[in-house]
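See below for the structure under consideration.
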Protein chains: 2
Amino acid sequence: MKARVHVMLKKGVLDPQGEAVRHALGALGFEGVNGVRQGKVIELDLAEGATEATVKEMCEKLLANTVIESYAIEMG
Amino acid sequence: MKARVHVMLKKGVLDPQGEAVRHALGALGFEGVNGVRQGKVIELDLAEGATEATVKEMCEKLLANTVIESYAIEMG
């Protein structure tokens, strides 16, 4: 089964990568880009029977730095 | 309005970052992780009236390297 994890910097944490993208889009002539946040998406191919609780544990232990990042899990 | 872009390496393109995560999960004792792919997620805060076509142009010009990466756009 598949699981997808989104890891984003928490609100209030400076995102220089997103800021660089916003700047570059402006330089390319795209107007009206008010903000950009960049994060990670991790697609896991898991053995059948894996639970969301297991994926949550993976996030807490490895995939996200919960001091500055939040994560969201999609199973299926 | 918000748009979210997922950028993933195309199938067949080696993903050393994902492979490292798979390896690390195994080392932490998580079993049954058959594969991991890691990509980027970019959240755009756009002025009202922005269209998917504009976001597609952003992807083609800046956000994705379409030689090795595929992208998916979610509006709303």
3 or more residues among the charged types (D, E, K, R) and touching a residue at least 12 places away in the same chain (Cβ under 8 Å): qualifying strands (runs of 3 or more DSSP E) within chain B
B:33-46
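Here's the yes/no breakdown for (1) open to solvent by less than 60 Å² (accessible area, probe 1.4 Å); (2) under 14 Å from the mean Cα position of the chain (by Cα); (3) within 8 Å of another protein chain (Cβ to nearest Cβ):
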site: B:Ala27; (1), (2), (3): no, no, no
site: B:Val33; (1), (2), (3): yes, no, yes
site: B:Gly39; (1), (2), (3): yes, yes, yes
site: B:Ile42; (1), (2), (3): yes, yes, yes
site: B:Asp45; (1), (2), (3): yes, no, yes
site: B:Ala50; (1), (2), (3): yes, no, yes
site: B:Leu63; (1), (2), (3): yes, yes, yes
Right, A:Val13: within 11 Å of chain B (Cβ to nearest Cβ), open to solvent by less than 50 Å² (accessible area, probe 1.4 Å) and either at pLDDT 95 or above or farther than 23 Å from B:Asp15 by Cα (or both) or not?
no
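The values are calculated or read from the model by the stated rules, or taken from the named source; none is laboratory data. Worth saying up front: this structure is predicted, and the values here are computed from it rather than measured. Backbone-built Cβ (ideal geometry, glycine too); neighbour counts: all protein chains shown. The area values use the complete protein model at the heavy-atom level, side chains included, leaving out ligands, DNA and RNA. Shrake-Rupley method; radii C 1.70, N 1.55, O 1.52, S 1.80 Å.
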